[in-house]
Amino acid sequence: MTSQRHWRDRLLGTLQGQLQLATYVTVFLGFTGASCAGLWVSERNLFRQHSMMVEQSAAGIAQALERLPDPPSRLRVQQQLESISDKRTIFWFQQNDGSLIFPRSPLQPPSAYLLERAQAQPSQQVITDAQRRFLTKEVQRLPSGGSVWAACDVSVSSLAFSSYISWMILIWSVCLVLTLLVVTVLVRRIVRPLRQLSELTETVTADTLQNSHVQFSAAPEEISRLAENYEELLQRLSLSWSHQRQFVSAVSHELRTPLTIVGGYIKRTLRTGDTLEVSQRNGLQTAEQETLRMRHLLDDLLDLSRGDSGRLSVSQQPVALLPLLEQVQELAQSTQQRSIVLLLPDSAELIANADPDRLQQVLLNLIENACKYSGPQAPVELALLSSPDELTIEVRDQGIGVPPEDQERIFERFQRATNAPAGEGSGLGLSVVRLLVEGMGGQVSLRSQLGRGSVFSLHLRPVERADHT
């Protein structure tokens with residue numbers, strides 16, 4: 001079933017397959033129609049030639065029979081029939097009363113089967129009798145009421161025609177196969193520029209827009225115009241993407257300073273404002289939280305913009321993971337106000353190749369994400385796993401989980417799980433996580449089950465202690 005679906009998709013699911021299939025069907029019908037028509041015309045001409053020869057031979061005997069006295073004597077009629085009959089063609093005479101007169105021996109009269117079939121249809125017909133084929137017809141009707149009949153043996157001509165048909169079928173098959181091969185090559189050559197354009201489209205990303213070009217040395221005018229339009233579209237997209245990155249970078253950078261100032265004033269007001277009412281203090285605390293959230297969003301945008309332009313600063317150096325994870329637990333515990341469980345292995349000091357500040361940013365981001373989609377009392381686990389080939393840091397939650405169809409794209413920009421509550425998050429946090437982890441030479445992965453939580457894993461390269469010292 002899979003193989004049949006594969007071939008069906010190749011024939012009907014692509015432009016090349018549809019062109020080939022349409023051409024194959026057209027060529028097959030054309031070849032078959034032309035061959036059948038040619039064979040039919042050849043067969044008609046063959047029997048027409050035999051019929052004309054029989055009619056020419058019978059013309060003289062008809063005139064001779066008309067000159068005989070009425071009714072003619074049987075002997076005279078047999079003599080006239082013998083004069084034009086031979087081993088391949090037999091003539092006989094049907095009198096007014098329906099009786100038949102045949103040539104005398106050594107010629108044998110037609111069989112009863114042949115006579116019955118011939119008398120049933122006076123017009124020309126081909127009858128097979130005892131593995132022989134006869135062309136029978138009423139060749140002449142006399143004014144006196146009698147008629148002259150003929151049976152011409154066309155077996156030899158039929159065998160020759162059958163051989164001709166066999167050769168025609170062989171030639172037809174060879175020509176058809178060669179034509180289909182030529183059609184296949186031509187169709188592939190015609191659609192090659194389209195395939196190249198499709199392959200180029202698959203490789204175009206935001207980072208390769210500026211360096212992507214479409215060049216065809218020899219292509220039809222329609223495809224060349226399509227390639228030119230596509231080239232202009234890439235240039236416009238590249239310019240638009242460049243302006244967008246510049247705008248995001250500039251806005252993110254310019255807004256960080258005023259947000260920092262606003263956040264500082266709010267903190268100082270809360271710290272020194274002993275006369276503030278409860279509603280005022282609650283309002284300032286809300287403003288502080290929103291300011292912090294906006295600051296995080298701007299930091300994410302700025303990191304993504306720097307990653308797009310190749311200016312993201314991520315170092316790779318030996319980092320002791322145990323103290324860093326303890327510090328991350330302490331910071332997360334104070335900001336998230338929930339239980340953050342730290343699970344460390346019973347082993348020596350573990351050192352990974354990473355950027356300590358960026359790694360801390362990534363872990364805090366993942367913990368914040370876990371708390372956002374978990375219940376108020378559900379704990380979040382921060383675990384460190386060790387193996388000879390890699391060090392793995394896992395952030396485990398007991399939240400809503402991620403649907404299987406969303407797990408592949410959850411790390412893309414502005415992509416959120418379909419079951420995520422409306423208004424929660426911007427869809428940038430996990431894309432920044434992947435950008436920073438890959439910048440440190442590591443990988444990030446996800447395991448999740450709906451309703452049972454998610455596990456985000458950071459896979460880092462270990463650093464041997466000897467190399468570290």
message: Modelling each spin label as a point 7 Å along the Cα-to-Cβ direction, I'd like the residue 372/residue 29 distance in nm, to one decimal.
response: 6.0 nm
query: Around residue 153, with a cut-off of 14 angstrom between Cβ atoms, what is the net charge of the other residues, counting Lys and Arg +1 and Asp and Glu -1?
result: +3
- prompt: Where a Cα-Cα gap under 13 Å defines reach, which aspartates and glutamates qualify for residue 137, not counting those fewer than 8 residues away within the same chain?
  reply: 55, 116, 153
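Provide the gained length on full extension for the span residue 261 to residue 415, in nm with one decimal, where the gain is 0.36 nm per separating residue minus the Cα-Cα distance.
Extending this stretch completely gives an extra 52.3 nm.
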query: What is the gain in length, in nm to one decimal, between residue 286 and residue 79 on full extension, counting 0.36 nm per residue of separation less the C-alpha to C-alpha distance?
result: 61.4 nm
statement: Rounded to the nearest 0.05, FRET efficiency between residue 159 and residue 45 (Cβ-Cβ, R0 22 Å) equals 0.85
task: Grab the beta carbon distance between residue 66 and residue 121, set R0 = 25 Å, and tell me the FRET efficiency rounded to 0.05.
output: 0.50
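Give me Rg/Rg_expected for region 317-468, where Rg uses Cα atoms only and Rg_expected = 2.2 N^0.38 Å with N residues.
Against the compact-globule rule of thumb, the ratio is 1.01.
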task: Report the label-to-label distance for residue 331 and residue 295 in nanometres (one decimal), using points 7 Å from each Cα along the Cα→Cβ vector.
output: 1.2 nm
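Laboratory data are not the source of any read-out in this text; all were calculated from the coordinates shown. Every value quoted in this text rests on a predicted model; they were computed, and no experiment measured them. Heads up, the Cβs are rebuilt from the backbone with ideal geometry, glycines too, and the neighbour counts pull from every protein chain shown.
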